[in-house]
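Presented below is the structure to which this report refers.
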Amino acid sequence: MKLLLLIVRRYPQRTLLTLICLVCAGLAEGVGISSLLPVIRVATRAPASAAASSTALERGLDTALAAVGLAPTTTTLFAIVFAGIALKAGLVLLANRQVGYAVAHVATTLRLQLIEALLRTRWAYFVHKSVGAIANSVAMEAQAAADAYLHATTVWALLAQCLVFAAISCLVSWRATLGALVVGSVITALLNRLVRASRKSGRRQTVRIRQLLARLTDTLQAVKPLKAMAREPLIAPVLEGETRRLNHSLEREVMARAYLEAFQDPLIMVFLAVALYVGLGMLAMPFADVVILVFLCARIVGDLGKVQKSMQRLAVKESAYWAVEDLIREARGAVEVGTGTHPARFTREIRIEQVSFAHDAAPVLRGADMVIPAGSLTVVTGPSGSGKTTLVDLIVGLLQPQAGEVRVDDVPLREIAAHDWRTQIGYVPQETLMLHQSVAQNVTLGDPSVPPADVHEALCAAGASEFVAALPDGVDTIVGERGLRLSGGQRQRLALARALVRKPTLLVLDEATTALDPATEREICATLRALRGAVTLVAICHHGHLIDVADLVYRVDDGRIVLVRGALAGRRDAARG
């Protein structure tokens, strides 16, 4: 019920228009059905002229026909029946179209809200989130949420039609109408436990599908080493276990739906049989009145049964709606708050001053100091887990120091507009992101504002122009899933070209040459050395040729940053002497 009310508040215009169309459709059908009553009287040779034997429904119909100058002939009555059917069909079509548009709108809106919220969150938020779970929310849960909207709208529509038919039925016999409503409510109450079971099953399905896709995504990303070491049999039981638990929830939903189908229809048929017996046998009502009354009451009870079926489907799907809403709310709560307004200008140096940072209460940096002169090639080394990547994240602004200050040309980084600062940064990670697109699209990331000349210039600067020219379609060659059609060195050069295409002032390489063979590493180091002066380079590496050609070499260890080699180290040694 909470979701039903939420639907009305969030989409009032579409919901109101849909309900108006369906109510009018019910009225049209009711008028058509009303016209059958005198026809049935004539067909059964029942007296239709006596006022005492006619119902309020017939008298109202006669009055309406007389007001427009029509006689209640069989031809006229059948024409009204057919007109009511045609009008109902048109109104239902209009209502269904509105519902269809709204369903698509709900899914699209949720996806866009979730994507927008995720892209605005701070970097630390993604450290604790599963990529597979997020992808599942965007793809499947958003669609399931839209289906929940469809079922919620169906519930409102059926309830509206029940009221219309109840109003028409009251004109024939209000006692019979009240009895139909009571019977329908009793049947709904008796079978409501199945709806609760479906809701519980739906919640479990949402959780277990997330868990399954999270594990599956992680497995597929590492499928090559798993197969290379014949370890896939170790992963299969985990995925099978998640799948079987999901299957168990699906089975419970199927059983609840099957029980509802099995018990609901027989109960309705029993009610109709009892209604016929009471109307014809015990109350001795005219046959025509009983036929129309039973039909109307059958529609009321049947629509109430459909309401319960829609409620059951809604109960299964609504957990996905709340799951997406919770994820959107969680992402918005982790939004990256940028308080800086100062324009980003980097012409002299980046200075780390007494910076401390901890991950989940585990200290990484303690009172660290560091200077990166503009135009230099600065290398940061240190053992794994010492805090090298954390240091780079602080420089980029993805993390904020818990003590101390990061300064760019003497301006605290927290006072600089984050987006303005990052537009001046090129970033090359160890694990390169390659899209299943062309070389050009991988370099520009689909940015239409980047001209082809800039793409060519970036490929040349990254030393990638020769191998790209040798590809079958040049820059239009599709690189394959995760760039598997290219070698590791070629992928690294494309990642470097992507970082350079926007002409950054700061180029950050996070262990970008670690996985390369020595020859390829030397080539890329030569490329980077040629960039020195035109751009400031900060590279993280454990060993290799970059250290040999660096202007400054810092070592991160035990939370401290030590200058190992460079002009600054020379000056400090001279000062000590």
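Just so it is clear, none of the values below were taken in a lab; they were calculated from the coordinates. Small disclaimer: the values here were computed from a predicted structure and weren't measured. Neighbour counts are summed over all protein chains in view; Cβ atoms, including those assigned to glycine, are modelled from backbone coordinates with ideal geometry.
Taking neighbour counts of Cβ atoms within 10 Å as a proxy for exposure, in what order, fewest first, do Val364, Val475 appear?
Val475, Val364
Projected label points at Cys460 and Met140, each 7 Å from Cα along the beta carbon direction, are separated by 4.9 nanometres. Calculated FRET efficiency, Asn96 to Phe295, Cβ-Cβ distance, R0 = 41 Å: about 0.95 to the nearest 0.05. What the Cα convex hull of region 416-507 gives, in volume per residue, is 94 Å³. May I ask you to compute the full-extension gain from Asp420 to Trp123, defined as 0.36 nm times their residue separation minus their alpha-carbon distance, rounded to one decimal in nm? So the extension gain works out to 105.2 nm.
Modelled this way, with points 7 Å down the Cα-to-C-beta line, the labels at Ile85 and His542 are 8.0 nm from one another.
What ranking of Ser185, Ser438 emerges when the number of other C-beta atoms within 10 Å of each C-beta is taken as an exposure proxy, fewest first? Walk me through the numbers before you get to the answer.
On the way: Ser185 12, Ser438 17.
Taking fewest neighbouring Cβ atoms as first place, the list is Ser185, Ser438.
Ordering Thr536, Thr15 from the fewest to the most neighbouring beta carbons within 10 Å gives Thr15, Thr536. Here each label is just a point 7 Å from Cα along the line to Cβ, and for Ala403 and Arg348 those points are 2.7 nm apart. Let me know the shape class of region 423-467, please: from the alpha-carbon gyration tensor, a ≥ b ≥ c as square roots of the eigenvalues, rounded when a/c is under 1.5, otherwise prolate if a/b is greater than b/c, or oblate. The shape class here is rounded. Computed on the Cα atoms alone, the convex hull of region 343-457 gives a volume of 146 cubic angstrom per residue. With a cut-off of 17 Å on the backbone N, the residues of region 151-165 near the modelled label site 7 Å out from Arg10 along Cα-Cβ are 151-156.
A Cα-only calculation for region 349-576 places Rg and Dmax at 18.0, 60 Å. Percent of Cα-Cα pairs more than 12 Å apart in region 310-367, please. Considering region 310-367, 82 percent of its Cα-Cα pairs are separated by more than 12 Å.
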